[in-house]
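Below: the structure, in structure tokens.
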Amino acid sequence: QRWTDYTGISLDVPGRWEDIVHAEDVERSKTAWGDSLLSGKPFSIEYRLKGPDNLYRWHLNRAIAIRNSNGNITKWVGTSTDIQSQVEIKETLLGLKQLTDSVIQDAPVLLWAVDKNGIFTYYDGKVAKILGLKAQDRIGISIFDLYDGRAEIAGNVRRALQGETVTGESQ
């Protein structure tokens with residue numbers, strides 16, 4: 001009933017789904033559904049559906065085949081979940097990531113992060129590029145090994161990993 005309330009289409013009327021799926025999503029939906037029909041594998045797709053207000057909202061549509069004792073598909077059972085909020089959050093986060101990446105690449109800084117064991121998990125920035133330092137050469141190694149002869153850096157990192165606020169600059 002909720003499907004009919006949202007889409008205005010009864011499940012008893014085949015073929016009308018194309019009227020409510022966004023034009024850019026129809027072919028992808030047909031392909032995914034066709035693959036599921038042929039293989040019997042679960043169907044899962046994110047697409048935009050037109051609601052009663054004639055506005056499109058993102059939905060996650062999933063379906064699974066129900067088979068008889070001979071292994072033939074007798075029906076499909078599925079759900080359509082409104083994921084508009086999640087898609088908007090994802091788009092916002094992607095925009096923020098792009099902005100952050102841009103700032104990191106343009107600012108005259110070297111940024112790095114380590115896990116609780118002092119292993120680099122992030123390493124980037126304009127200074128890294130100027131100095132020819134590559135993230136792939138740092139990620140996964142210990143900061144304590146890298147700065148073995150630099151007691152001040154190692155000490156500051158150890159204190160920070162223990163929860164202490166550490167400020168200062170190192171050259």
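The values are calculated or read from the model by the stated rules, or taken from the named source; none is laboratory data. Everything numeric in this text was worked out from a predicted model, so none of it was measured. Positions of Cβ are generated from backbone atoms using ideal geometry, with glycine treated the same way; all protein chains shown enter the neighbour counts. Just so you know, the surface numbers come from the protein's heavy atoms only, side chains and all, with ligands and any DNA or RNA stripped out. Shrake-Rupley method; radii C 1.70, N 1.55, O 1.52, S 1.80 Å.
What you get for segment 41-154, charging only the Cβ of Lys and Arg (+1) and of Asp and Glu (-1), is a dipole of about 700 debye around the Cα centre. Distant-in-sequence amide contacts of G125, defined by a placed amide H-H separation under 5 Å and a gap of 5 or more residues or a different chain, comprise L111. Probing with 1.4 Å while keeping every protein chain in the model, the per residue accessible area of the chain equals 70 Å².
Once the Cα atoms are used to define both axes, helix 84-106 deviates from the longest principal axis of the chain by about 30 degrees. For the chain, the share of accessible area belonging to carbon and sulfur comes to 53 percent (1.4 Å probe, ligands and nucleic acids excluded). Taking every pair of alpha-carbon atoms in segment 98-171, give the share separated by more than 13 Å as a whole percent. Value for segment 98-171 (Cα pairs over 13 Å): 69 percent. Within the assembled protein chains, the solvent-accessible surface assigned to W112 is about 100 Å², based on a 1.4 Å probe. Accessible-area rank, largest first, for D124, D145, D53: D145, D53, D124, with all protein chains present and a 1.4 angstrom probe. Each Cα pair of segment 1-91 feeds into the Kirkwood radius, which the Stokes-Einstein equation turns, at 4 °C and 1.567 mPa s, into a diffusion coefficient of 92 µm²/s.
The distance linking segment 99-165 with segment 58-94 is 42 Å (Cα centroid to Cα centroid, whole angstrom). Of all lysines in the structure, the ones whose alpha carbon falls short of 27 Å from that of K30, not counting any fewer than 8 places away in one chain, are K41, K50, K75, K90.
Taking a ≥ b ≥ c as the square roots of the eigenvalues of the Cα gyration tensor, segment 75-128 is classed as oblate, since a/c reaches at least 1.5 and a/b does not exceed b/c. The lysines whose alpha-carbon is closer than 27 Å to the alpha-carbon of K134, local same-chain residues fewer than 8 away aside, are K97, K116, K126. Pairing the Cα long axis of helix 151-161 with the longest principal axis of the chain, what angle in degrees results, from 0 to 90 and rounded to the nearest 10? With both axes taken from Cα atoms, the answer is about 40 degrees. Based on DSSP H segments of at least four residues, each scored -39500 (n - 2.57), the chain has a per-residue ellipticity at 222 nm of -12000 deg cm²/dmol. Residue ranking by accessible heavy-atom surface, 1.4 Å probe, largest first, among R57, R138 comes out as R57, R138. Accessible surface comparison of L49, L38, L146, L99, probe 1.4 Å, protein chains only, largest first: the order is L38, L99, L146, L49.
Computed over segment 1-153, relative contact order equals 12 percent, with contacts defined as Cα pairs under 8 Å that lie 6+ residues apart.
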